[in-house]
Amino acid sequence: MNHIAPGRNAGVYSYDDIDRRFVTERVEQFRAQVERRLSGELTEDEFKPLRLMNGLYLQLHAYMLRIAVPYGVLTARQLRKLAEIGRKYDKGYGHFTTRQNLQFNWIKLEDTPAILHELAEVDMHALQTSGNCVRNVTTDQFVGAARDEVVDGRVYAEILRQWTTLHPEFTFLPRKFKIAIMGSDADRAAIRVHDVGVFAKRNERGEVGFTFYVGGGLGRSPFIGKLIRDWVPEEDFVAYLEAILRVYNQYGRRDNIYKARIKILVHELGQEKFTQEVEEEFARLRGPKYRLAPEVVDEIRRRFGGPAFETLTDEPESFQAAKAANPDFARWVAVNVLAHKVPGYAAATISLKPAGGIPGDATSEQMELIADLADAHSFGELRVSHAQNLVLAHVRQDALFTLWTALEANGLGTPNAGLIGDIIACPGLDYCALANARSIPLAQAISARFADPARQQTIGELGIKISGCINACGHHHVGAIGILGVDKKGEEFYQITVGGDPTLTTAIGDILGPAVTADETVDAIEAIVEVYLSNRHDGERFIDTLKRVGHGPFKERVYAAH
Amino acid sequence: MALNDKSRNEAALKAITANRLRDGEVIFLAPGPNLGWVERLDDAALFEDAAAADTALAAAKAQAEDEQFAVDVYAFDLRVTDGQRVPVKTRERIRALGPTVRIDLGKQAAA
Ligand code: HEM
Ligand code: SF4
């Protein structure tokens, strides 16, 4: 097998032989299970948990395979492989999700072992993408690049991945378990709506430590994660997490799926009692077995390598001239490009949200193009964001124009990162077996209504998030405008919420009023935006205006016709 | 496909569906005594009375259990409007045709 040479793709964790053997053994194990299922030796009841452990669901039209993209970081080579799988085994496209993973919607059970085998060739798998285990740890899509970064969260996300994979105690938790980690002075990973949200930071002496939020989550009962400890030293990182999981494993409810998440436990025990339980467990665990030695952290960090940045200066002349000569490019830079910690570089968001498009979908051709661009301009690596976009994190500023020209020519240059067109939407009733209503057509209609990039920029930061049912895969609770599909006697209706916030100032949105039809929803969004624009003070974001003027004027306008 | 179908109170027929085990394809029970399966709703058996549908469903489930070739076997409601078979629920219409957002995919693509 031709594996990635260590350090070839700077900033991407490289597997060793132990990692590879483990993944390959799992593929062979699953191959045997699939054979036994196809021959009728295993019943569906016996097989279902086994396929779910390998990320394979049955959806409306076919099987869906959810492939893990650990903390959202991919190599160009891996993306090319995903493109190839999309073409060979699916229908020529893939769907990037809010958990920084990739889903294929048209998979055949009988092809799955071959697909997993091909994934293993590029050090990828579908483990822990389903089931009651610790799921893919998510993080900032600008990790290792953002100017505001204090700690590189990838290193600790990888440590957690290794710690939790196959951990005997954590393979059968009461329910799925989601961890997000941030190492910047901003929250780009929605950490307080995760089971555990971790903030990595440094003290005055420069040592790394962690703040733990526990018990957040969306779904049927949304909760905001509670602060249970402000500073856990680096060496206790694993011990503290293990303590949390043990308390959860011991007290979490297994009798009722709706009450099984840690958010319910934290809520029912109370923050104080829960914290006390964790602290007691932590005191028992703390010791050599759980100590995270600095050498281990260094070794993991080393295996990520580091891009060989050149010594450059910010705002080179050619970049400034390109912006001056081309207003469309200038707009894309203003909206989709973020400052980099290294002078002369930038992080570019590739929007997978063209006006009228399907959020998060990318064709095999687009994936190949982006892989080539990552090789040419970003050290052969890229990221998936929880907003269902892709990111090239280390682009020379003087290469941005070339990059944009290639993206623009292939429908990937939409300047809408963080704007009203950058809609998060789950697959909804078009694909999902659990859905009440469709999500994608609404996202398409709203983004088409607000297609004008100048208008989007005028409206400014405004997140619309859409879920097709209460499971909230589309994060609607934390959308500045959230949309939830509901079923009313067999018809699709949509409930609008406003005021949600996924950042550290986390807020769950409030329901604006009665659910409306799809067409009415698009008009309602337009009305909400108009009320905002006519009420906002200079420089005020949508959620700030909403906070200041309250729901009244919005509600009035949206339901005026009723 | 209208977003919301107002005529769903008309008398409904039933058909029986499942996903094929080896590839997940949506399949329907075919007419005739042999418990055959077809890929298109147009070729499926329709049941006018509930008791007949229940009997067929039980037989189809037993067969799927026995031979392990299909999963999630169940019956659903549909109507025939202007000669077209239209499932009552949007979910079943989408299963029978394909995603409404990609009419180039699913069974509708080959129509
Ligand atoms: C096979 C399709 C899917 C199924 C069956 C599914 C199922 C579920 C369920 C049952 C929950 C509720 C968990 C709970 O709170 O107890 C959930 C939550 C969630 N899912 Fe999905 N989902 C699917 C697809 C997706 C997709 C495509 C995404 C990303 C676009 C996604 C991301 C999430 C997220 C972010 C949550 C947040 C709720 C939370 O745990 O706090 N899921 N999903
Ligand atoms: S929110 Fe509901 S409809 Fe959307 S993907 Fe999740 S489970 Fe499916």
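The values are calculated or read from the model by the stated rules, or taken from the named source; none is laboratory data. Model, not experiment: these values are computed from the prediction. Don't worry about glycine lacking a Cβ; one is built from the backbone with ideal geometry, like all the others, and counts go over all protein chains shown. Calculation scope for accessible area: heavy atoms of the full protein, side chains included, ligands and nucleic acids excluded. Shrake-Rupley method; radii C 1.70, N 1.55, O 1.52, S 1.80 Å.
Specify the residue that is surrounded by the most Cβ atoms within 10 Å (Cβ to Cβ); the eligible residues are those in region A:486-506 that are within 19 Å of the chain's Cα centre (by Cα) and over 14 Å from residue A:462 (Cβ atoms).
A:506
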#### Entry: Scope region A:95-117; condition more than 16 Å from ligand 2 (Cβ to nearest atom) and open to solvent by less than 20 Å² (accessible area, probe 1.4 Å); matching residues
A:107, A:109, A:112, A:113, A:115, A:116
### Query
Which of the residues that make up region A:193-230 are assigned to a strand (DSSP E or B) and within 16 Å of ligand 2 (Cβ to nearest atom)?
A:217
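Conditions (1) touching a residue at least 12 places away in the same chain (Cβ under 8 Å); (2) part of a loop (DSSP other than H, G, I, E, B); (3) β-branched (Val, Ile, Thr), marked per residue:
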| residue | (1), (2), (3) |
| --- | --- |
| A:232 | yes, no, yes |
| A:248 | yes, no, no |
| A:254 | yes, yes, no |
| A:283 | no, no, no |
### Query
Hey, does region B:57-75 have a residue that's more than 9 Å from chain A (Cβ to nearest Cβ) and touching a residue at least 60 places away in the same chain (Cβ under 8 Å)?
yes
### Query
Yes or no: residue A:389 within 16 Å of ligand 1 (Cβ to nearest atom) and open to solvent by 20 Å² or more (accessible area, probe 1.4 Å)?
no
### Query
Quick check: anything in region A:451-469 open to solvent by 40 Å² or more (accessible area, probe 1.4 Å) and within 16 Å of ligand 1 (Cβ to nearest atom)?
no
### Query
Among all residue pairs at least 6 apart or on different chains, which show Cβ distances below 6 Å where the first residue, located in region A:548-561, is closer than 15 Å to residue A:510 by Cβ and the second is open to solvent by less than 40 Å² (accessible area, probe 1.4 Å)?
A:553/A:531; A:554/A:528; A:554/A:531; A:555/A:512; A:555/A:513; A:558/A:524; A:558/A:527; A:559/A:513
### Task
Give the number of residues within region A:496-525 that are without any contact (Cβ under 8 Å) to a residue 60 or more places away in the chain, of a type outside the set (D, E, K, R) and within 14 Å of chain B (Cβ to nearest Cβ).
3
### Query
How about region A:35-50: which of its residues are of a type in the set (D, E, K, R) and either open to solvent by less than 70 Å² (accessible area, probe 1.4 Å) or within 7 Å of chain B (Cβ to nearest Cβ) (or both)?
A:37, A:44
### Message
Tally up the residues in region B:18-31 that are closer than 14 Å to residue A:433 by Cα and more than 9 Å from every other protein chain (Cβ to nearest Cβ), please.
### Response
1
### Query
If you take the residues of region A:54-67 that are under 11 Å from residue A:127 (Cα atoms) and in contact with a Phe, Trp or Tyr (Cβ under 8 Å, 6 or more places away or on another chain), which of them is farthest from the other protein chains (Cβ to nearest Cβ)?
A:67
### Message
Take residue A:92 and tell me if it is surrounded by fewer than 24 Cβ atoms within 10 Å (Cβ to Cβ) and within 14 Å of chain B (Cβ to nearest Cβ).
### Response
yes
#### Entry: Residues of region A:409-440 satisfying the condition of being touching a residue at least 40 places away in the same chain (Cβ under 8 Å), more than 16 Å from ligand 1 (Cβ to nearest atom) and either surrounded by fewer than 24 Cβ atoms within 10 Å (Cβ to Cβ) or not hydroxyl-bearing (Ser, Thr, Tyr) (or both)
A:410, A:411, A:412, A:413, A:415, A:416, A:417, A:418, A:419, A:420, A:421
#### Entry: Residue identified as surrounded by fewer than 19 Cβ atoms within 10 Å (Cβ to Cβ) and closer than 20 Å to residue A:221 by Cα among A:483, A:511
A:511
### Query
So which residues in region A:535-562 are part of a helix (DSSP H, G or I) and over 25 Å from residue A:443 (Cβ atoms)?
A:535, A:547, A:548, A:549, A:552, A:553, A:556
